[in-house]
Every structure is written in structure tokens, then in C-alpha cells.
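For reference, the structure discussed in these notes is given below.
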Amino acid sequence: MEVSQDLKALAYGELEALSELSGGSLDLIEDSRELVVDYRGNLESLRKRICRAALIKRAWIDDGVNKELFVELNRSRYRVLRRGRWSDAVIIDLRIARLLVNLARTEEGEVFLDPFVGSGIIAQEAMLIGARVIGMDINPKYLGLLNNMYVDAINSDSLLSPIRNESIHSIATDPPYNRLSISDLDLDSLYRGFAEEAFRVLRSGGYVAFSHPTYVNSLDWFLNAGFELIINGLQYVHGGLTRLIYVFKKP
């Protein structure tokens, strides 16, 4: 399987997530230049899921005798928008936005939440795969960016949200982490509150995926809240910024 080399560890995590959504399972056999996995499940179901991947480019089926192309994906749209600014909102790469949505096991028809929706890029990726999307932000001007999207927009502090207990299937987000945030909380308090709220609103078996710079420490808050760590990986952005991507599961 040919994947994005800069995020190869997370590419396996994405493949594992899509395999679970297809009703199958897999084991990693080799992760040198390409990923080689042993997949157990329905191949047509996997083909439908893998077509929404962000980091997977091509996949082959190899039965030990013959090798044939299974799927080839055009990911040119991910080159259109790179991380930057849109008005006052910070925008993450489309590729990373879709990756977070997939790592959270977001499913068509289920309820997805981005509690720090900002520019709406992650919410848009969840909408494109057919999820019922809720976007929340404390700053009302960001919610105006959601006007042309099928998203339920909520102007609220994400740490005091009106969301019911255990009503959300998946969460993916890019929380604030620097002076661009309008929150008055210190980072520890912000991420502790995020972990506690995510645990409250997620259904049992639900996943939360998010990213933040390596200088932010959120691991202990999510473990203390009761989450299980599923996978984490690094994304090199530029010389001054490397980001951690975390995936947690609510037991």
C-alpha cells in the first residue's frame, strides 16, 4: 500500500480505522517503504471506505502469486488549501482535516462534533462523508463561515456546552493553543476541560481525534478523564512547528 511518507504511522492508523468501519480487521506485516497488511474482511466493503482516505494513495491485493491494483486515489484537492489564515481563523490542511475525521471513526448518518469549529474545515470534511455535523465555537463570527454548509452551528463555550450526555458518536477538532484563541483560560485548564467534556458527550465506544503543537501537554488530562489512547503521531509543519495528533477511545 502506497501512503504519504511524512505521516506513515498515522496512515496505518487511518487504514485501521477504515477497516473497522468496514467490519474487518488487519495486522501490520511490514512498514518499510510501503505498508503491507493482512486484512480480514469483505474487500468490497473496504474499497468503499478506503476511497475516503486522506493518506492512502494506492493499494494492491497480493495473494502470494498475483498482485493486482485494488484502489488508486486522486488526492490533488488536498494541495489546494494549506495551513494559513482565513479572516481571523486558522486553517489546517485539508488532508489533516480529513485524516482527523477518519481517525475518529466518523460514520455516515451518525452525529459528529467539532467543539472548536473555527473556520469549519474539519466540519466540512465530516459533512462530505455524510455525518450529521455539529460545529461549536465561542466566537460567533466564525459560525458565519458555516452558513453554506449543512452544519448545526452552536455559539457556546465548548467547555460548558449544551450537548446532552453520551449523544455524540465521534469528535474531531483542532483546539486553540496560542494567542489567537479568545479564551481566557490557560492551556492546561482548556485541555483538561476539553477532555472532561469530550468524555461526557461521547457515547461509549466513541473516538476523539485532535491535533496540537508538541509544546502542549494534553495526554494526562485525557487518560485521567477515562479515555484509552489508541494512536498518536507527529506531523512536521515547518521549522518552528511540529504537531501531535492523538486518537482516544471512550471505553
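What to note about this one:
- Note that the chain presents 48 Å² accessible area per residue, ligands and nucleic acids not counted, probe 1.4 Å.
- Compactness relative to 2.2 N^0.38 Å, alpha carbon Rg of the chain: 0.99
- Loop-exposed chymotrypsin sites (Phe, Trp or Tyr not before Pro) per DSSP, neighbour cap 15 Cβ within 10 angstrom, longest uninterrupted part of the chain: 1-149
- Computed from the alpha carbon positions, the gyration tensor of region 23-64 leads to an equivalent ellipsoid with semi-axes of 16, 14, 10 Å, biggest first.
- Taking amide hydrogens as placed 1.01 Å from N in the peptide plane, the amide H of VAL71 sits under 5 Å from those of ALA59, each at least 5 positions away in sequence or on another chain.
- As a fraction of the 1.4 Å probe accessible area of the chain, surface on carbon and sulfur atoms comes out at 47 percent.
- Exposure rule at most 10 other beta-carbon atoms within 10 Å, DSSP loop trypsin sites (Lys or Arg not before Pro): the chain longest free segment: 34-163
- Given LYS8/LYS67; LYS48/LYS141; LYS141/LYS250, the pairs whose alpha carbons are separated by over 25 Å: LYS48/LYS141; LYS141/LYS250
- Length released on extending from ASP62 to SER76, taking residue separation times 0.36 nm less the Cα-Cα span: 2.4 nm
- 3J(HN,Hα) couplings calculated from phi for region 64-75 with the Karplus curve 6.51 cos²θ - 1.76 cosθ + 1.60 (θ = phi - 60°) are, in sequence order, x, 10, 10, 10, 10, 5, 9, 7, 10, 10, 9, 10 Hz; Gly and Pro show x.
The values are calculated or read from the model by the stated rules, or taken from the named source; none is laboratory data. Because the structure is predicted, anything quoted here is derived from the model rather than measured. Every residue, glycine as well, gets a Cβ built from its backbone with ideal geometry; the counts of neighbours run over all protein chains shown. Remember, those area values only see protein heavy atoms, side chains included, never the ligands or the DNA or RNA. Shrake-Rupley method; radii C 1.70, N 1.55, O 1.52, S 1.80 Å.
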